[in-house]
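Q: Submitted below is the structure of interest, expressed as structure tokens.
Every number here is computed from the coordinates shown, using simple stated rules; none is lab data. Since the structure is predicted, the reported quantities are computational estimates derived from the model, not experimental observations.
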Amino acid sequence: MTHTSDFGATHDKGSGRAIGLAMLAGAVVFAAGAIYWDLSTQHRIIAQSDAETNVAAIVGPPCPVLTAPAFQQAVKTEGPPLPYVFEFNGGTFGRDFGYADCSVAEAKGSLGLGSYNVCQFTSPGLLYVKTSRGQFYFRPGVGKKATVMTPDGVAKCVLAAPAETD
């Protein structure tokens, strides 16, 4: 005689599956919340920096552009290689003299989530910029303020830096 004892335990196989699905749903909701939090924080930081930078107020004639050989010759003629080289937000910036201050501005059409670098210099002499799109060389001169902006990874330089004081 075969006899099975049942001590009141239920053997519902569906409850294990329901718990697993609930845990999966919770993980998806948590991940979505974390992504939303990160994107909203990034949007807020870019918007604040964009407002402080005020790219619209940075207006001036373009900086003189140098070719790579002309830049190398200028560096040799004027002294040691650029003494002030730094990295900011994925870009490399080099200068001969002066002070630098960098921030980000909102990229057009990015819904507030894309940005580009904006670096202002008090008296750079020579400027070197390296981005994901290449290397760029400028000669604003000593005693002249300059701003470098890198929308779409292309460096552009103007002879103006309203945020910088001498």
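Q: Expected output is a single nm value to one decimal: the length gained when fully extending between residue 28 and residue 59, i.e. 0.36 nm times separation in residues minus the C-alpha distance. What is it? Mind dumping the intermediate values first?
A: Numbers: separation 31, 0.36 × 31 = 11.16 nm, distance 4.69 nm.
Separation in residues times 0.36 nm, less the Cα-Cα distance, equals 6.5 nm.
Q: When the chain is fully extended, how far beyond the present Cα-Cα distance does residue 152 get from residue 18, taking 0.36 nm per residue of separation? It would help to have the intermediate numbers written out before the result.
A: Details: separation 134, 0.36 × 134 = 48.24 nm, distance 4.80 nm.
Once the chain is fully extended between residue 152 and residue 18, it gains 43.4 nm.
Q: Using θ = phi - 60° and the Karplus form 6.51 cos²θ - 1.76 cosθ + 1.60, what ³J(HN,Hα) does each residue of region 148-155 get, whole Hz, x for Gly and Pro?
A: Working through the residues one at a time gives 10, 10, 10, x, 6, x, 9, 6 Hz.
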